[in-house]
Each structure stands twice: as C-alpha cells, then as structure tokens.
Amino acid sequence: MTFRLLAIETSCDETAAAVLEDGRHILSNVVSSQADLHAPWGGVVPELAARHHLENLAPVTEAALREAGLGLAEIDAIAVTAGPGLVGSLLAGVQFAKGLAFAAGKPLVPVHHIAGHLEAPFLAAPDGVLLPALALCVSGGHTSLFEMPERGVYRLIGRTRDDAAGEAYDKVAKLLGLGYPGGPVIDRLARGADDRAVDFTPARIKDPRRANDFSFSGLKTAVLYHVRREGIAPVAPGETPSKTIADLVASFQRAVVQSLVGKMVAAAETLRPKSLLLTGGVAANSRLRADAAAAAARLGLPLFVPPIALSTDNAAMIAAAGTLAFDRGVRATWDLEAHPQLPLV
Ligand code: KG4
Ligand code: ZN
C-alpha cells in the first residue's frame, strides 16, 4: 500500500512543504525563499522570518498538495521540523502542522532538521547508499561529521566549535558587501579567481581527542584583519566586485573547503566507511563538491551528494526523515513545541 507523507519545514528563512510517497518518490517539493527579504540586513532577521512563514505556510502547503495532485484526505501523515532553528520560525511551522493534522485527523511526526539533511542523500540515490557511511553535514547553522552505521542512526563524531561553515560564508559576504546569502555569491565569484592570493590556512585543533572538530571563526577574523590591513572597501550596490575581492573570497573558500574535506578524509581513513555523504546548504558549493569527489575517488569510496534543491533547506528531506520516524512509531502529541536547541539522538 502506498504511504504518502506531507512535510512542513520552517526552521530558518525558507517556507517549505513537500509530499513524499513511500519514503522515496518526491511528488512535490515547494520552497518559498525569503532571501530577498533579508538581503538588505546581510542575514536573517528572526521576527521578519517568523511573520513571513505565517503568511506563506498555507499557500506553500496548498501548492505542494496541488503539485502532488492530492487532497489532504489522501495524505497518511504529516511531519514537521520541530528543531533546531529559530524559535519563531519553528513555532510558525509547528503550530500550522498541528492545526492541519488535528483538523484532518492525521498523525503528526516531529522531525529533527539535521536528520532531514542526513536523509537527503538517500532520496537522491535510488539504488541505495552503502552503509556504514560517513556523513558531512554543512549548513548555515551546523557543520558536523556523523557516522551512520545503519539507516536512521546518526552518531556525531565531530562538530564546529564556533561558527558553522555557511555562517562564515555569510559573514565574509556581509563584510565585503556581497549580499545574503553569501555562499552562492562567493561560490560564483571564486570561479577562475586566484585561490592562493591570500595565504589563509585551515584551523588546527590541537586537542587530539577533538581531531574531528571544525573551527571557522579564526578564518573569519583573518579575513577581517586582511580587509582592514589592505584597506579593501566593500562592494557598493550595483558595482562589480574587483579582482582583489574575487581572489580574497577564493582564498577564503579554499581554506574552508580544505578544512571540510581534510577532516572528512581523516575520519574516513580511521573509520573505514563504505561510502561518504555530503549534505546541507553548503554542499551546494561547486568547489566543495569537486574537491570531495576527488577525495572520495582517491579513497576509493562512492560519494553521495544530493542535487542542490535537496541540499539547501527543503521539505522533501524532512519528509524522508519523517517517513523513517513514522515507521518507527514516532508520533507527536498535541502539546508539541518548537525546540530551538533540539539535540539529534
Ligand atoms: O542548509 P541550509 O539551506 O540552511 C540551514 O540549515 O542553515 O544552509 C544555508 C547555508 C547559508 O549559509 C548559505 O550561504 C550556504 O548554505 N550556501 C552555500 C552555497 N549555497 C548555500 N555555501 C557555499 N556555497 C554555496 N553554493
Ligand atoms: Zn538546513
């Protein structure tokens, strides 16, 4: 029998809804981004995000059902991101999903946002992902390495001690007047630029017990000091970024990617997984994709990377994690709350 799940995701600044059939077939995947709304501030303004989720949730959900060609009555369960994320944004999605599930008499499944990101590569690999896997999840809020011994089991083995990689991209872009979100702009600008122009080095973690951890705040500060020392002015609106800025962001990106890929390779050499997974918003980065693919080839391991639409925040990945959770009997009660700091267990 087919099982259809509707998922809602509003943990940050994307209002998203998707319908997934049997945990694999994406019937619809609708994302309404608020990026233009937050761009003038160089980052997400939480109150604005929450308010726009409230406005966007009903039309986005209706669009997801329409594209799937289904009515709510034909949906078997509803899943919603319960955390982590911005509390106001999460609350908007959780309250909406609760109302919908209650009114339609459907079971409600709470989903951890990172479980969603970690399930995205499975959606994109119809023949399955080889397990145990080593997963690198890189987003605006998280930069973590997970061991996945079996389906739906995530063992955290390393994480950032300060900024997430995406956060570092966004902050560097803001400093240079490149707009928000910073990742895609820096990705584009860095293509063909001199990534050795500035000698940024990936952070070294001295404590050997924390060898799998990341750190990006030192690199962000190094960019800031370089900009001050060299008197580099931010790009004015409408102005084309100079070669100096393109080389600077390419050098920053090289250091970030070296750190991400280096840690993944070191962990793979110790843990000897059967495959590597790369996921999260920053997994959309072309340099990271290319360098991770080259590293995987050297290790002789398959690399599973979701397409960009499933790497950045979306509800199809929440539906994938929601289906797994549903199958395990996970159900929310009507007092489900938003959990901005929800740990992944
Ligand atoms: O996973 P995601 O959509 O949201 C969170 O859960 O945080 O990730 C958003 C992050 C932002 O920091 C954005 O700048 C970054 O992903 N990002 C990129 C690229 N596309 C999005 N970073 C580097 N290169 C990209 N192409
Ligand atoms: Zn995310």
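Examine the stretch 163-171 for a residue that is open to solvent by 40 Å² or more (accessible area, probe 1.4 Å) and under 30 Å from Leu37 (Cβ atoms), and state whether such a residue exists. Yes.
Across the stretch 159-186, the qualifying residues are those that are assigned to a loop (DSSP other than H, G, I, E, B) and either out of contact with any Leu (no Cβ under 9 Å at 6 or more places or on another chain) or under 17 Å from Ala255 (Cα atoms) (or both), and the one among them that is farthest from ligand 1 (Cβ to nearest atom) is Arg161.
Residues Leu134, Leu189: which one is assigned by TED's automatic domain parsing to the domain that holds Ala283 and assigned to a strand (DSSP E or B)?
Values: Leu189 fails: assigned to a strand (DSSP E or B).
So the residue among Leu134, Leu189 that is assigned by TED's automatic domain parsing to the domain that holds Ala283 and assigned to a strand (DSSP E or B) is Leu134.
Screening Ala309, Ala319 for residues that are assigned to a helix (DSSP H, G or I) and either within 13 Å of ligand 2 (Cβ to nearest atom) or surrounded by fewer than 21 Cβ atoms within 10 Å (Cβ to Cβ) (or both) leaves exactly one candidate, Ala309. The set of residues in the stretch 196-221 that are exposed (fewer than 13 other Cβ atoms within 10 Å of the Cβ) and outside any loop (DSSP other than H, G, I, E, B) comprises Pro208, Arg209, Thr221.
Could you check how many residues of the stretch 231-252 are open to solvent by less than 10 Å² (accessible area, probe 1.4 Å) and of a type outside the set (Phe, Trp, Tyr)?
Step one: filter the stretch 231-252 for residues open to solvent by less than 10 Å² (accessible area, probe 1.4 Å), giving 245, 248-252.
With the extra rule that they be of a type outside the set (Phe, Trp, Tyr), the set shrinks to 245, 248-251.
Looking only at that region, the number is 5.
Restricting to the stretch 84-93, what's the tally of residues that are crowded, with 22+ Cβ neighbours inside 10 Å and not in a helix (DSSP H, G or I)? Working first, answer last.
Step one: filter the stretch 84-93 for residues crowded, with 22+ Cβ neighbours inside 10 Å, giving 85-86, 89-90, 92-93.
With the extra rule that they be not in a helix (DSSP H, G or I), the set shrinks to 85-86.
Of the residues in the stretch 84-93, 2 are crowded, with 22+ Cβ neighbours inside 10 Å and not in a helix (DSSP H, G or I).
Just one of (1) assigned to a strand (DSSP E or B); (2) open to solvent by 30 Å² or more (accessible area, probe 1.4 Å); (3) more than 27 Å from Leu178 (Cα to Cα) fails for Phe96. It is (1). Taking the criterion of being within 20 Å of Ala77 (Cβ to Cβ), more than 16 Å from ligand 2 (Cβ to nearest atom) and among the β-branched types (Val, Ile, Thr), the only residue of the stretch 96-140 that qualifies is Val109. Can you name the residue in the stretch 140-158 that is under 13 Å from the mean Cα position of the chain (by Cα) and not in a strand (DSSP E or B) and is also nearest to Pro234 (Cα to Cα) among such residues? Looking at the filtered set, the residue picked out is Gly140. Among the residues of the stretch 157-171, those that are within 16 Å of ligand 2 (Cβ to nearest atom) and of a type in the set (A, V, I, L, M) comprise Ala164, Ala165, Ala168.
Here is a check on your reading of the model: is Ala266 within 16 Å of ligand 2 (Cβ to nearest atom) and either within 20 Å of His142 (Cβ to Cβ) or buried (at least 19 other Cβ atoms within 10 Å of the Cβ) (or both)? Answer is no for this residue.
Being open to solvent by 30 Å² or more (accessible area, probe 1.4 Å), away from ligand 2 (no atom under 14 Å from the Cβ) and in contact (Cβ under 8 Å) with a residue 12 or more places away in the chain is the filter here, so list the residues in the stretch 141-153 that pass it. Result: Glu147, Pro149, Glu150, Arg151. With respect to the conditions (1) open to solvent by 30 Å² or more (accessible area, probe 1.4 Å); (2) in contact with a Pro (Cβ under 8 Å, 6 or more places away or on another chain), Leu336 falls short on a single one, namely (1). Only one of the numbered conditions (1) in a helix (DSSP H, G or I); (2) under 15 Å from Val111 (Cβ atoms); (3) within 16 Å of ligand 2 (Cβ to nearest atom); (4) of a type in the set (A, V, I, L, M, F, W, C) is violated by Leu324, and that is (3).
Figure legend. Inter-residue proximity from the stretch 275-288: first residues among the aliphatic types (A, V, I, L, M) and open to solvent by 10 Å² or more (accessible area, probe 1.4 Å), second residues near ligand 1 (Cβ under 8 Å from one of its atoms) and in a strand (DSSP E or B), beta-carbon distance below 7 Å, spacing 6+ or different chains. Indicated pairs: Val282/Val138. Residues in the stretch 322-333 that are open to solvent by 40 Å² or more (accessible area, probe 1.4 Å) and under 24 Å from Val87 (Cβ atoms): Val330, Arg331, Thr333. Among the residues making up the stretch 192-216, a single one is among the basic types (Lys, Arg) and either at pLDDT 95 or above or not assigned by TED's automatic domain parsing to the domain that holds Gly141 (or both): Arg196. Quick check, is Ala124 outside the structural domain of Lys171 (by TED's automatic domain parsing) and closer than 16 Å to Ala284 by Cα? Taking the combined requirement at face value, the residue satisfies it.
The values are calculated or read from the model by the stated rules, or taken from the named source; none is laboratory data. Every value quoted in this text rests on a predicted model; they were computed, and no experiment measured them. Cβ coordinates were reconstructed from backbone atoms using ideal geometry, including for glycine residues, and neighbour counts include every protein chain displayed. In case anyone asks, the SASA skips ligands and DNA or RNA and just uses the protein heavy atoms, side chains included. Shrake-Rupley method; radii C 1.70, N 1.55, O 1.52, S 1.80 Å.
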